[in-house]
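Here the structure comes first, spelled out in structure tokens, and everything after it is commentary.
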Amino acid sequence: MLVLLLPLAAQAQFNSKERPAGDTTLVLTLDDALKIALSENVSVKVADMEVQRNEYARKGAYGALFPQISASGMYSYAIQKQKVFFGSDDDSEGSSGGGGGMASMFMSAFEPIMYYIQQLYAVTGTPFVPYIAPAQEETTSSSSDPIEMGRRNQVTFGVSAAMPLVNVQLWESLRLTGDQVELAVEQARESRLGTVTSVKQAFFSVLMAKASYDVYNAVYENAVENFKLTQMRYNAQKASEMDLARAQSSVAAAVPNLYNAENSISLALWQLKAVMGVDLDMDIDVAGALEDYASHMFFDVNEGQEASLDRNSQMRQLATQAEMLAKQIRMQQYAYLPSLSMQVSYNYYTQSDKFNLSQWKWLPSSTLVFSLSIPIFSGGQRYHAVKQARVQAAELDLQRVNAERQLRIGIRQSLSTMETSMRSYDSAKEALKSAEKAYDIAAKSYQVGRSTLTDLNNTELTLTQTKLQALQAVYNFVNAKAGLEQTLGYDFTDEAATLEK
């Protein structure tokens, strides 16, 4: 069993510590991982595209201020022409009665004018020839018979342009689209903050897995050395068979922990590649060690409790939403105001009973229309729309208070974790010195036969636990600090979106 296990453990250690010549594994620092994630992460790309989409929507909304120009064309064929009636229903009793009476009335009304014109001609010496209407043929139709109007074919082409001149509600809605772009930008910033925090935590998880592997690998190597020493003492009849069996079981028990630690490294690297947005089959590794961050384990807890939330992305989004709701209330109130618009149209049309394009006569027409709309009554729609917007504003204010309370709780939890980690690390460092000294004494005593293998294993177990406690304290601190930086919005600048040094 030992012959089979020793090469496997040695190979695992080789993969973690050394790399052969020509190895293409990409070794990343924390800054490198963050830069790659901010350019390759899917959520960051989607957030940037959402900002671009809202920017296009804002520009499209401003198009409502410009003239809306459109061209139109129409062709119609009258299957049955429209008919109209002239005169009244009484005209059907006879054409002479109705038509003659109207003619006589017309002539009697214009007699003074005709007399005046005749006198003018008498002064000039020109004979006056009165106009005599030609005799009309008698017809059986009356003035109440319908008359067809229009022609069979009708074609119309035209261009029209319309634009608002005064529309306060539209102007306020355009301001609202600008706030939507600002909200999308802040949501993109929140996505970057979350990505940075995820990358940091995944990076620290890899360092923690590698540190744990080093601890378990040291335990395995010590178990192997103790087994060799026990076997030599057993062959020299200075150790019992029970001691040899315990040494073998110690080696066997150390191997699963070593493999679990190696598997944890692989899983942590996959998680890091996933949050970075790179190919999962890509060979990467992280630079540095978890203990390198132990020197940064300091933070003023009292100052952190009073930290400002001005840079917090959630609070900024709520503030932007509050401004948007205020503008929505004003926009609903502006619906009570009149609006003025203008429309210009220019058309060409023609009518003909024959479908002969060369003989069609085209006639132009143009109109300029100013339209004033004054809202009077809408059944309470505008009134209730204002009330609804005010209720939403009140709800948002309650959400803001609750969000601030939850963020304050999260800050206190992160600070408490960081403070506990700092104390735990200081205690673990002191305990680690004592554990290392105790293990060295027990190992030398076992070599000279003054202590048993059980004593050596107990001191080694204490040493292993102390090392893991120190590493866990560092890991808890950096994780809590990463979460705190996300809450406070301290990971990159707003203008250039670059990492803060």
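Quick notes
- FRET efficiency for the pair Trp171 and Gln343, taken as 1/(1 + (r/R0)^6) with r the Cβ-Cβ distance and R0 = 22 Å, rounds to 0.70.
- Selected from Asn476, Ser427, Gln399, residue furthest toward positive end of dipole (the range 382-501; charges at beta carbon): Gln399
- Separation of the range 441-492 and the range 346-419, taken as the distance between their Cα centroids, equals 62 angstrom.
- A straight Cα-to-Cα reach below 22 Å connects Lys361 with the lysines Lys81, residues fewer than 8 places away in its own chain not being considered.
- When you filter the trypsin sites (Lys or Arg not before Pro) in the range 437-486 for DSSP loop state and at most 11 other Cβ atoms inside 10 Å of their Cβ, you are left with Arg450.
- Neighbour net charge for Asp353 - beta-carbon separation under 11 angstrom, K R +1, D E -1: +3
- Net charge, Gln169 excluded, C-beta distance under 13 Å - Lys, Arg +1, Asp, Glu -1: +3
- Length gained when the stretch Asp281-Met163 is fully extended (0.36 nm per residue, less Cα-Cα span): 36.7 nm
- Shown here for the range 244-323: GluC sites (Glu not before Pro) in loop regions (DSSP other than H, G, I, E, B) with at most 12 other Cβ atoms within 10 Å, namely Glu306.
- Theoretical FRET efficiency, 1/(1+(r/R0)^6), r = Cβ-Cβ of Leu357 and Arg390, R0 51 Å, to 0.05: 0.25
- Each residue of the range 432-437 was assigned a 3J(HN,Hα) from its phi angle through the Karplus curve 6.51 cos²θ - 1.76 cosθ + 1.60 (θ = phi - 60°); the sequence is 5, 4, 5, 5, 5, 5 Hz, with glycine and proline shown as x.
- Cross-link partners for Lys433 among the lysines, with Cα-Cα distance under 20 Å and sequence neighbours closer than 8 places in the same chain left out: Lys444, Lys467.
- Mean Cβ count within 10 Å, highest first, over the residues of peptides 177-190, 266-279: 177-190, 266-279
- Proximal lysines to Lys327, defined as alpha-carbon separation beneath 27 angstrom and excluding residues fewer than eight positions away on the same chain: Lys59, Lys387
- Shape of the range 146-267 from the C-alpha gyration tensor: prolate (a/c of 1.5 or more and a/b above b/c, with a ≥ b ≥ c the square roots of its eigenvalues).
- Separation of alpha-carbon centers, the range 146-185 and the range 241-281, rounded to whole Å: 69
- Among the chymotrypsin sites (Phe, Trp or Tyr not before Pro) found in the range 20-88, those both in a DSSP coil and sparsely packed, with 15 or fewer other Cβ atoms within 10 Å of their Cβ, are Phe85, Phe86.
- In order along the range 393-402, the Karplus-derived 3J(HN,Hα) couplings, from 6.51 cos²θ - 1.76 cosθ + 1.60 at θ = phi - 60°, round to 5, 5, 4, 5, 5, 5, 5, 5, 4, 5 Hz, and Gly and Pro are given as x.
- Take the Cβ atoms of Leu468 and Leu65, set R0 to 41 Å, and the FRET efficiency comes out at 0.05.
FYI, it's all coordinate maths here, none of it is from the lab. Please read all numbers here as calculations on a predicted model, not as lab measurements. No Cβ is skipped: glycine too gets one built from the backbone with ideal geometry, and neighbour counts run over all protein chains shown.
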